[in-house]
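The values are calculated or read from the model by the stated rules, or taken from the named source; none is laboratory data. Worth saying up front: this structure is predicted, and the values here are computed from it rather than measured. Cβ coordinates were reconstructed from backbone atoms using ideal geometry, including for glycine residues, and neighbour counts include every protein chain displayed. Each accessible area value is taken on the protein alone, full model and side chains, heavy atoms only, with ligands, DNA and RNA left out. Shrake-Rupley method; radii C 1.70, N 1.55, O 1.52, S 1.80 Å.
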Amino acid sequence: MDYKFFKKQNVELKTPKEIEKMRIAGRVVGEILQKLSGIIKPGITTKDIDVFSEKYIRSLKMTPAFLGVRGISYPFPASACVSINDEVVHGIPNASRVLKSGDIVSVDIGVIYEGYYGDAAMTYAVGSVSASAEKLLEVTELSLQKGIEQSLSGKRLGDISYAVQKTAEDGGFSVVRDFVGHGIGRSLHEDPQIPNFGKAGTGIKLLPGMVLAIEPMINTGSCEVCMTNDNWTVVTKDGGLSAHFEHTVAITENGYEILTKV
Ligand code: MG
């Protein structure tokens with residue numbers, strides 16, 4: 001989501017019943033992302049990814065969360081965001097965008113079940129990719145994992161941000177500032193905003209019942225991004241590669257639960 005500077009954070013705690021619904025939505029997101037790893041290969045189009053995802057969601061009588069989300073000029077026209085190479089997030093699926101060996105492709109999926117949301121993303125290597133692309137995927141996924149490991153009752157939001165940033169920068173990459181993770185529940189984007197950069201020990205205290213969509217967006221070059229003229233697709237300014245991994249994570253009494261993992 002777009003990063004507007006921290007205002008008051010109205011963080012809503014979810015009941016176990018609510019988390020149960022988010023677990024169902026989250027599982028479907030996780031299943032789609034897992035199945036896509038067997039589908040994504042050279043020759044398929046970004047539209048194929050969207051069609052597969054939407055069919056899967058509808059077959060379970062659930063609702064794609066991204067279709068129709070309002071943007072700066074028109075609603076998002078698809079169920080999956082599919083972003084290739086220097087595209088950071090919010091790529092629009094297109095029947096004439098064909099994946100080729102050496103590409104990396106980020107897929108972001110959201111599902112609504114009985115009014116509750118699940119949201120996750122993964123970046124895939126298409127065919128064989130360069131060593132630096134492979135490292136970018138590894139480090140970005142690791143930075144998400146390190147952020148998730150900080151999602152514990154009593155820790156601070158900045159502990160998550162710091163862990164993501166440190167992992168990404170130690171790996172030699174840069175962290176996108178303009179888009180951040182978010183709380184999630186009865187809306188796709190709730191408080192708190194979760195930057196992928198920050199200071200450990202700062203920010204709001206994490207509590208059981210908080211559900212967070214943690215989503216590092218990591219670049220090989222500079223952290224700067226810009227909007228393209230379709231008014232949705234965000235790209236790196238310098239043309240470097242960008243990767244995106246995301247999970248929806250519930251903070252529990254004695255740990256965390258990744259709701260979008262299968
Ligand atoms: Mg998200």
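Quick notes on this one:
- Subset tally (residues that are assigned to a strand (DSSP E or B) and open to solvent by 10 Å² or more (accessible area, probe 1.4 Å)) for region 224-254: 6
- If you go through region 95-120 and keep only what is under 22 Å from Lys237 (Cα atoms) and not β-branched (Val, Ile, Thr), you end up with Arg97, Leu99, Gly102, Asp103, Ser106, Asp108.
- Lys41 vs. criteria open to solvent by 20 Å² or more (accessible area, probe 1.4 Å) and in a helix (DSSP H, G or I): no
- Strands (runs of 3 or more DSSP E) completely within region 164-223 that count 3 or more residues being within 16 Å of the ligand (Cβ to nearest atom): 181-183, 190-194, 211-214
- The criterion of being of a type in the set (S, T, N, Q), more than 22 Å from Val225 (Cα to Cα), in contact with a Pro (Cβ under 6 Å, 6 or more places away or on another chain) and within 16 Å of the ligand (Cβ to nearest atom) does not hold for Ser143.
- One residue alone among Val126, Val111, Val69 is touching a residue at least 60 places away in the same chain (Cβ under 8 Å), over 23 Å from Glu224 (Cα atoms), surrounded by fewer than 23 Cβ atoms within 10 Å (Cβ to Cβ) and within 16 Å of the ligand (Cβ to nearest atom), and that residue is Val69.
- Residues that are out of contact with any strand residue (DSSP E or B) (no Cβ under 8 Å at 6 or more places or on another chain) and either surrounded by fewer than 18 Cβ atoms within 10 Å (Cβ to Cβ) or not in a helix (DSSP H, G or I) (or both), drawn from region 150-163: Gln150
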